[in-house]
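The values are calculated or read from the model by the stated rules, or taken from the named source; none is laboratory data. Quantities reported herein were computed from a predicted structural model and do not represent experimental measurements. Ideal geometry is used to build each Cβ from the backbone, glycine not excepted, and the neighbour counts take in all protein chains shown.
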Amino acid sequence: MRLDSLFVMVVWWLALMMTCVAGDAASKGVKNVLAFGGNGFIGSEVLDALFTDPTQYYSVTLVSRGNWYFDSATRIKPKLHKTISCDREDSDLEFCTDLVTYIKETPRIDIVLDFSAYNAAVMSASLDLLNEKGPDKVGVYVFISSDSIYEVCRGSATPRVAGEEDDKRPESEEERNLLNEGDSYGNDKLECEELLRGPGNKIPYLIFRLPDVLGARDTTDRWWTYQMWIEFYDFLKVPLLIPVENRKLKTSYVYVKDVARAILLALNKPESWKSVYNLGLEEPLTLQEFFERMAVAVRGQGREAVTFDTGEFNVFPSVSRGSVTIEKAKRVLEWEPSTWETVFKETVPFYKEAFYKFTSERDDASNQLTRFVVPRHRKGEFLRIIDELAANPGISLDEHLATLGGGSNDQGGGGSQVTPEQLFEEMMTRTEL
């Protein structure tokens with residue numbers, strides 16, 4: 001085929017694709033979406049759900065620091081209307097000129113998705129810009145909050161189970177300050193909520209309070225670190241560590257795909273707006289119950305059971321008061337969570353394949369395990385094995401691991417001791433939801 005003929009065919013194909021997209025948009029109608037974040041864990045799952053919605057066409061403008069995690073550069077980026085580079089934490093939004101221009105020049109922004117507001121100053125700057133546009137020019141503001149907000153509130157009417165109504169701060173200033181110091185993340189998220197629900201905001205809102213989120217493409221590396229620990233258990237012989245205070249504590253978890261489904265359902269129910277929803281799986285678990293189920297999903301039946309010991313390494317759970325009730329979301333949104341079986345069935349294989357596909361993220365997880373868990377005298381050998389396995393993708397990870405000999409009998413991690421708060425802070429500094 002001649003090059004000029006090939007060029008004509010390529011141009012024709014591109015024109016056809018653009019026509020199809022335009023036709024699809026015209027037939028469904030277009031909704032303009034402004035997403036703060038959306039290239040990370042939760043955000044990319046929500047945007048993928050929007051892009052695959054057969055009933056609606058979404059024109060998404062994404063505001064982020066410009067990082068692309070896992071396969072978001074191919075899964076999300078090509079489908080965006082526009083990307084705007086802006087670090088909300090470090091920049092005054094007035095200096096994010098592309099963002100200011102987009103907000104001013106877009107006739108109507110139907111949906112704002114906020115995955116990256118971690119304090120009131122960031123939230124306030126965004127709301128100021130959008131409220132200046134006029135409440136009738138912005139449809140709904142969706143904010144991803146956290147069950148950590150209950151850590152700074154008075155406590156729930158039902159012990160160890162928080163409902164949406166249990167979000168009242170203590171009347172005592174001394175008690176408020178004490179709780180805020182104990183969980184600054186929960187305080188910051190609640191301050192964001194208070195701005196959205198306060199009299200200064202005229203934009204309808206949806207607030208989703210999420211417990212620890214599970215699933216593929218987790219940019220915190222939490223799931224992958226524990227899955228890798230279990231996969232290499234026969235080599236490491238290091239028990240999984242459970243802090244004393246978490247031995248009997250049952251907490252909630254939520255599947256990332258369920259978060260995306262809940263948001264889509266709520267967006268299509270304007271009567272559900274101006275409200276707050278807890279999300280989660282039906283069954284709260286203790287940390288040991290969670291890891292026992294993960295071990296079966298990772299190692300299968302019939303293998304030596306993993307053991308547990310008391311220790312301070314833990315990145316689950318991120319709360320200390322207990323679980324959340326999800327009845328409101330089920331009733332109002334007609335939403336149903338996945339089963340634990342589905343979570344493990346879909347998530348474990350993803351990280352087994354990701355070991356070979358996503359080298360940077362794999363190295364982050366293995367480095368975290370090396371730093372805090374692997375005994376000192378085995379660190380070099382562990383990293384060497386990781387490199388050898390990664391260099392031979394023709395055989396499955398399970399087959400590779402089956403060739404490893406038994407490891408150390410160390411009964412605890414050999415890395416430096418670290419508190420859960422330090423681990424959580426470290427993860428949040430490099431995380432985009």
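State which residue is surrounded by the most Cβ atoms within 10 Å (Cβ to Cβ) when the search covers only region 114-131 and only residues that are not in a helix (DSSP H, G or I) and not aliphatic (A, V, I, L, M).
If we take residues in region 114-131 being not in a helix (DSSP H, G or I) and not aliphatic (A, V, I, L, M), then D114 is surrounded by the most Cβ atoms within 10 Å (Cβ to Cβ).
Since S172 meets every condition but one in (1) in contact (Cβ under 8 Å) with a residue 60 or more places away in the chain; (2) out of contact with any Phe, Trp or Tyr (no Cβ under 7 Å at 6 or more places or on another chain); (3) surrounded by fewer than 18 Cβ atoms within 10 Å (Cβ to Cβ), which condition does it not meet?
All conditions are met except number (1).
Can you name the condition, by its number, that E334 falls short on among (1) in contact (Cβ under 8 Å) with a residue 60 or more places away in the chain; (2) of a type in the set (D, E, K, R); (3) in contact with a strand residue (DSSP E or B) (Cβ under 9 Å, 6 or more places away or on another chain)?
(3)
Does V306 satisfy being β-branched (V, I, T), touching a strand residue (DSSP E or B) at 6+ places or on another chain (Cβ under 7 Å) and more than 27 Å from G198 (Cα to Cα)?
Judged against the criteria, V306 is a match.
Just to be sure before I move on: is D218 at negative phi, acidic (D, E) and in a loop (DSSP other than H, G, I, E, B) in the structure I sent?
Here the answer is yes, as D218 does meet what is asked.
Residues being under 17 Å from G40 (Cα atoms) and either modelled with pLDDT of 95 or more or of a type in the set (G, A, S) (or both): count how many of those fall in region 80-115.
Residues meeting the conditions: 9.
Can you tell me which of (1) assigned to a loop (DSSP other than H, G, I, E, B); (2) within 19 Å of the chain's Cα centre (by Cα); (3) not aliphatic (A, V, I, L, M) is the one R321 doesn't meet?
(2)
Which residue, of T347, T342, is more than 16 Å from F232 (Cβ to Cβ), touching a Gly at 6+ places or on another chain (Cβ under 6 Å) and in a helix (DSSP H, G or I)?
Checking each option against the conditions leaves just T347.
Out of (1) within 26 Å of E194 (Cβ to Cβ); (2) within 22 Å of the chain's Cα centre (by Cα), what's the single condition that is false for Y255?
Failed condition: (1).
Can you tell me how many residues in region 380-416 are modelled with pLDDT of 90 or more, within 17 Å of Y226 (Cα to Cα) and more than 29 Å from the chain's Cα centre (by Cα)?
The total comes to 0.
Looking at region 389-405, can you tell me whether even one residue there is touching a Gly at 6+ places or on another chain (Cβ under 6 Å), within 22 Å of P239 (Cβ to Cβ) and surrounded by fewer than 16 Cβ atoms within 10 Å (Cβ to Cβ)?
no
Listed here are the residues, each with its yes/no results for (1) buried (at least 23 other Cβ atoms within 10 Å of the Cβ); (2) of a type in the set (V, I, T); (3) free of Cβ contacts under 8 Å to residues at least 40 places away in the same chain.
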| site | (1), (2), (3) |
| --- | --- |
| V238 | yes, yes, no |
| K248 | no, no, yes |
| K257 | no, no, no |
| I263 | yes, yes, no |
| K269 | no, no, no |
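For region 221-260, how many residues meet the condition of being outside any loop (DSSP other than H, G, I, E, B), of a type outside the set (A, V, I, L, M, F, W, C) and within 30 Å of P159 (Cβ to Cβ)?
Counting residues in region 221-260 that are outside any loop (DSSP other than H, G, I, E, B), of a type outside the set (A, V, I, L, M, F, W, C) and within 30 Å of P159 (Cβ to Cβ) gives 8.
Step by step: first the residues of region 132-164, then only those that are polar (S, T, N, Q) and either at pLDDT 95 or above or crowded, with 16+ Cβ neighbours inside 10 Å (or both), then the one that is nearest to D92 (Cα to Cα). Which residue is that?
Applying the filter and picking the extreme gives S145.
Here's a check for you: in region 56-75, which residue that is assigned to a loop (DSSP other than H, G, I, E, B) and not hydroxyl-bearing (S, T, Y) is surrounded by the most Cβ atoms within 10 Å (Cβ to Cβ)?
F70
Among the residues of region 271-295, what is the count of those that are surrounded by 15 or more Cβ atoms within 10 Å (Cβ to Cβ) and either of a type in the set (A, V, I, L, M) or in a loop (DSSP other than H, G, I, E, B) (or both)?
11
This table checks each residue for (1) outside any helix (DSSP H, G or I); (2) at pLDDT below 95; (3) aromatic (F, W, Y); (4) under 16 Å from the mean Cα position of the chain (by Cα).
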{"site": "M1", "(1), (2), (3), (4)": "yes, yes, no, no"}
{"site": "W12", "(1), (2), (3), (4)": "no, yes, yes, no"}
{"site": "A25", "(1), (2), (3), (4)": "no, yes, no, no"}
{"site": "P54", "(1), (2), (3), (4)": "yes, yes, no, no"}
{"site": "P78", "(1), (2), (3), (4)": "no, no, no, no"}
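Can you tell me which residue is nearest to V30 (Cα to Cα) among those in region 87-99 that are touching a helix residue (DSSP H, G or I) at 6+ places or on another chain (Cβ under 7 Å) and buried (at least 19 other Cβ atoms within 10 Å of the Cβ)?
L99
Please identify the pairs in which a residue from region 64-83 that is over 15 Å from F51 (Cα atoms) has its Cβ atom under 6 Å from the Cβ atom of a residue that is in a loop (DSSP other than H, G, I, E, B) and among the hydrophobic types (A, V, I, L, M, F, W, C), counting only partners at least 6 apart or on another chain.
F70/F358
Just checking, which of I149, I103, I111, I144 is part of a helix (DSSP H, G or I) and under 24 Å from V256 (Cα atoms)?
Being part of a helix (DSSP H, G or I) and under 24 Å from V256 (Cα atoms) holds for just one of I149, I103, I111, I144, which is I149.
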